[in-house]
1. Measure out, as a whole number of angstrom, how far apart the alpha-carbon centroids of the range 55-116 and the range 140-156 sit.
2. Can you tell me what share of the DSSP beta bridges in the range 62-206 is antiparallel? A percent to the nearest 5 is fine.
3. Charges only on Cβ, +1 for Lys and Arg, -1 for Asp and Glu: so what's the dipole of the chain about the Cα centre, in debye to the nearest 20?
4. Hey, what's the range 100-259 come to in accessible area per residue, 1.4 Å probe, Å²?
5. With both bridge residues required to lie in the chain, what share of the DSSP beta bridges run antiparallel, to the nearest 5%?
6. How much length is gained on full extension from Arg63 to Thr117, taking 0.36 nm per residue of separation minus their Cα-Cα distance?
7. Given the DSSP H assignment, sum -39500 (n - 2.57) over each helix run of at least 4 residues in the chain and divide by its residue total; what's the result at 222 nm in deg cm²/dmol, nearest 500?
8. For Phe258 and Asn78, what does the FRET efficiency come to when R0 = 30 Å and r is the distance between their Cβ atoms, rounded to the nearest 0.05?
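The values are calculated or read from the model by the stated rules, or taken from the named source; none is laboratory data. Keep in mind the model is a prediction, meaning the values are calculated, not measured. As a convention, Cβ positions derive from the backbone with ideal geometry for all residues, glycine included, and neighbour counts pool all protein chains shown. Note: areas computed on protein heavy atoms with side chains; ligands, DNA, RNA excluded. Shrake-Rupley method; radii C 1.70, N 1.55, O 1.52, S 1.80 Å.
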Amino acid sequence: MKPKSVYRCTECGHEHPKWAGRCEACGEWNSIAEEPLGNVGKVGKGGKERSYRRTVVPPARLRDIAAESLTRWRTGLNEFDFVLGGGIVPGSMTLIGGEPGIGKSTLLLQAAARLETAGRTVLYTSGEESPDQLRLRADRLTEDAGAVHVLGETRLESIIEAAGALAADVVVIDSIQTIYTGMLESAPGNVGQVRECSGQLMRFAKESGTSVIVVGHVTKGGGIAGPKTLEHIVDTVLYFEGEATLDYRLLRTTKNRFGSVDELGVFTMTESGLLAVPNPSAVFLAARADGISGSAVTALMEGTRPVLVEVQALAAKSGYGTPQRVATGLDPRRLAVLLAVLERRAETSFAALDVFVQVTAGVRLNEPGADLAVAAALVSSLYNRPAPADVIFLGEIGLGGEIRPSGAVERRIAEAVRLGFHRVFGSSRSTVQVPGASLVGLDHVDQLVRALAA
């Protein structure tokens, strides 16, 4: 007899009585998947289901709840702890996603080794690698991971039983798409399996106080594979990013119930594992050459940390009928907007030129405060005039060409001064004063063009 099925949207989790091309709840197309349900056993005499009484906890006022200090376990990997908000919280569940081969398993094995050294019991469960393969990986690391308990298992009930018998403080699941529970008859990686396993792991973490860290695969679009509810279930969501051809790896948090979001940790990939980079700004600007046109420096706010990055632009005569617009580390639509503003409001011409913009070290510009730096790099390349070497550019550019101030300007400028930048091109409406730095106030983008083209 065919088991009963439910049709559920992988984006919002809404249930449907039958398959449909479009979810009626969130409107996503082709997001509904069938989830076979396991056979439900009858409990009680005569095969009748027995109802269980749940303990009802009366509501309490917030002022009557005792305030407790949040305990954290530090791994010793400073950048990892920084992104988590100070360390791993007992009883929490963390999800880390990233491209294959980016270094997720290496990062977690190093963290597990340091936690064992600090006296915490760690169970590393891998459904993708055997214990022998984990041993080969551990032999390449600088840290001594010999004390870490490893388990090659994919059945969730066996993993939870082993973690309970070991009284593990931290359990690592690598990866959630390889784990299955006997409660469902579907294959590992199915939408229902991923959600049910995640839910059981979360309950296990909250009830036992064990911290659970799970690895998630990513899709072609860069999101974590599986239902979107997976990210809603967990306490913290981390993304491990970086180009395979570069040595730098970026660990970014997009959700954190115990700290701030959008924090950024930087690592260097070496033959002996990942090394934390304590000063990302200096690393990102290490290869910057002075006296080259098309280069501008800006300061980004990655969570609570200011980070200086270099924006490079190249405007060259087009060899095709339609000029190219190529952006790396920047939304191409934002580049199109900035080019339109420069042409309309500052009387510059990029219509017959190929335009290439990139952000060094694999960093992405996700905030409008970097608009002025992109525009400065474009103007510098257009007129082949290098921007001053001791200047950073901070400001958002509006469609009218006006320049608006960025947030957290004081911290951005202080980081720039620490690295030898003493002038700031920014909005004239900014009144922040930082010792060692002078502000060149700009009201309109045409003032930027005149300053760089002179």
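1. Their Cα centres are 19 Å away from one another.
2. 10
3. It comes to approximately 1180 debye.
4. Ligands and nucleic acids excluded, the result is 42 Å² per residue.
5. Once the DSSP bridges in the chain are tallied, antiparallel ones form about 55 percent.
6. 15.5 nm
7. Roughly -7500 deg cm²/dmol at 222 nm, from the helical runs in the chain.
8. E between Phe258 and Asn78, to the nearest 0.05, is 0.95.
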